[in-house]
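Computed from the coordinates by the stated procedures, all read-outs in this text should not be read as laboratory data. The structure presented is a predicted model; accordingly, all values stated were derived computationally and were not measured. No Cβ is skipped: glycine too gets one built from the backbone with ideal geometry, and neighbour counts run over all protein chains shown.
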Amino acid sequence: MSDSCASVEQAYQLARERYASLGVDTEQALARLATIPISLHCWQGDDVVGFEQSGDELGGGLAVTGNYPGKANTPDELRSDLELAYSLIPGKHRLNLHAIYGEFGSHVPDRNEIDTDHFTGWIDWAKDQQIGLDFNPTYFAHPKANDGLTLAHPDKAIRDFWIEHGIACRKIGAAMGQATGTACVTNSWIPDGYKDTPADRKSPRLRLLDSLDKVFAEKFDPQIHLDAVESKLFGIGSESYVVGSHEFYLGYAITRQTLLCLDAGHFHPTEGIADKFSSVLMHVPEMLLHVSRGVRWDSDHVVTYTDDLQAIALELVRGDYLARTHIGLDYFDASINRIAAWAIGTRNMLKALLMALLEPTEQLIAYEQSGDFTARLALMEEAKVLPFGAVWDYHCLKSEAPVGMAWLNKVKDYEQSTLLSREAECSAASVNA
């Protein structure tokens, strides 16, 4: 055993004793953490471009800034980048795909014509990597979404087009779940809304309700496929009115018994989603989280170890909601190394979960139930400075993931060997064209 490994082991043993003095079993916490998969979002790897090569702008309130070299341009490049990212993260995780990431060949079908054949490469790769897949219809970056409306569009032909897309995506998701042996969560988010104050808020929501019911008409085995619906407060171009508000989708999820997706960046800047879990899960079977970080009017910054993130993890553990919650990430940053963005965000999500699993929750609840709120507050504050970092380092070591900042060295090496040469090849191709 190397000196560095020995020091990690030694620090962990001291931390284990410290936690044990408060009734916390670190081995039990680590065993539980190892069973929690995080669904990495493919769109961080290429700035939400996909492989249609249609040239359409994102739209739908989405914008990616930055031009860090080396973004993935092909499915194989994206899979290579993801494999490195997974190697930097302790545990076994998932991949969240958008519909624009199919392998379409020389003939790119329109969105309502995609099928499972376009995702065979991803399914085979996922089976080889032994990871699960999740899926998303892509209701943006398309000529039929240029006016900001899709499933709520007043033109029936356009609504029908997007309904067909949604139906196709659910079938693809079910095929993914069947092939990988783990349920695929297909999440529906649409950008529909208005830039300025509408005169009629009701009609678009009635149209959306009808469209969703048609999309979800076919039922799938929940062992292979689950549906989720996702709200958003506003987007660029829909500042004044979003058809699919939180209240709309909360009602829809409850009445149709779908999953509700809560995105950490889709609410008011001072509004945390953790407080919603205990209410939402009284009425829906399961929940999907898109963990992100809102900054002012942008909802999709790289996840950092914030109070909001810790609150999410603590509520999942305290409420015993982990078994009913699917955790995914959703952000895009092209101003930094894209693989590092995956690693930073996912490792932070796992750190927050570990911190929550190491909390002396039973003692806190006992103080609360006895009315000793002084002791509750005192212990909550003391728990914040327990030697959590030593347990995290040990988890990485035992999972054969890099400890500390060692993961960044692997990213930098890959940047030199692969990403920069990829950028040079793209530049040369552009000049020749």
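When the chain is treated as a GNM, springs tying every alpha-carbon pair under 10 Å, which of Leu78, Leu288, Leu386 comes out with the largest mean-square fluctuation?
Taking springs between Cα atoms under 10 Å, the residue moving most is Leu386.
List, in the order given, every pair from Lys144/Lys195; Lys202/Lys276; Lys156/Lys202; Lys71/Lys410; Lys232/Lys276 whose Cα-Cα distance in the structure shown is over 20 Å.
Values: Lys144/Lys195 18 Å; Lys202/Lys276 25 Å; Lys156/Lys202 17 Å; Lys71/Lys410 17 Å; Lys232/Lys276 15 Å.
Flagged as over cut-off: Lys202/Lys276.
Along the Cα→Cβ direction, 7 angstrom out, place labels at Ala20 and Asp76. What is the inter-label distance in nm?
Those two pseudo-labels are separated by 5.2 nm.
Any idea how far the Cα center of segment 87-112 sits from the one of segment 206-249, in Å?
21 Å
Name the lysines eligible as straight-distance cross-link partners of Lys384: C-alpha to C-alpha under 16 Å, and not fewer than 8 places from it in the same chain.
Reachable lysines: Lys351.
Compute the relative contact order of segment 346-433 as a whole-number percentage, counting only Cα pairs closer than 8 Å that sit 6 or more residues apart in sequence. Walk me through the intermediate numbers first.
Details: 21 pairs, mean separation 15.7, N = 88.
Reported relative contact order: 18 percent.
Summing +1 for each Lys or Arg and -1 for each Asp or Glu, what net charge is found among the other residues whose Cβ lies under 15 Å from the Cβ of Asp3?
On the way: positive: none; negative: Glu9, Asp393.
Once positives and negatives cancel, what remains is -2.
Specify the angular offset, from 0 to 90 degrees and rounded to the nearest 10, of the alpha carbon long axis of helix 75-87 from the longest principal axis of the alpha carbons in the chain.
Long axis of 75-87 versus the principal axis of the chain: about 10 degrees.
Taking the Cα atoms only, what angle lies between the long axis of helix 246-256 and the longest principal axis of the chain, rounded to 10 degrees?
Taking the Cα atoms of the chain, the angle to 246-256 is about 90 degrees.
State the label only: which of (1) 38, 24, 19; (2) 39, 28, 19; (3) 36, 28, 19 corresponds to semi-axes √(5λ) of the Cα gyration tensor in Å computed from the shown model?
It is the one labelled (3).
List the relative contact order of the chain as a percent without decimals, with contacts defined as Cα pairs under 8 Å and 6+ residues apart.
With pairs under 8 Å counted, the relative contact order is 20 percent.
Show that you can apply the helix-only estimate: for the chain, add -39,500 (n - 2.57) for every DSSP H stretch of four or more residues, divide by all residues, and state [θ] at 222 nm to the nearest 500. It would help to have the intermediate numbers written out before the result.
Values: 15 runs with 188 residues, N = 433.
The per-residue figure over the chain is -13500 deg cm²/dmol.
Run the simple label-point estimate for Lys156 and Ala63 please: 7 Å along Cα→C-beta, distance reported in nm.
3.8 nm
Multiplying the sequence separation of Asp110 and Arg318 by 0.36 nm and subtracting their Cα-Cα distance, what value in nm do you get? Display every interim value, and only then the final one.
Numbers: separation 208, 0.36 × 208 = 74.88 nm, distance 4.53 nm.
Between Asp110 and Arg318, full extension yields an extra 70.4 nm.
Springs between alpha-carbon atoms under 10 Å, Gaussian network over the chain: tell me which of Asp115, Asp307, Asp47 tops the mean-square fluctuations.
Highest fluctuation of the listed residues: Asp307.
Students often check this: by mean Cβ neighbours within 10 Å, which of 241-252, 191-202, 98-109, 356-367 ranks highest, and how do the rest follow?
Values: 241-252: 20.0, 191-202: 14.7, 98-109: 16.8, 356-367: 18.3.
Ranking the peptides 241-252, 191-202, 98-109, 356-367 by packing returns 241-252, 356-367, 98-109, 191-202.
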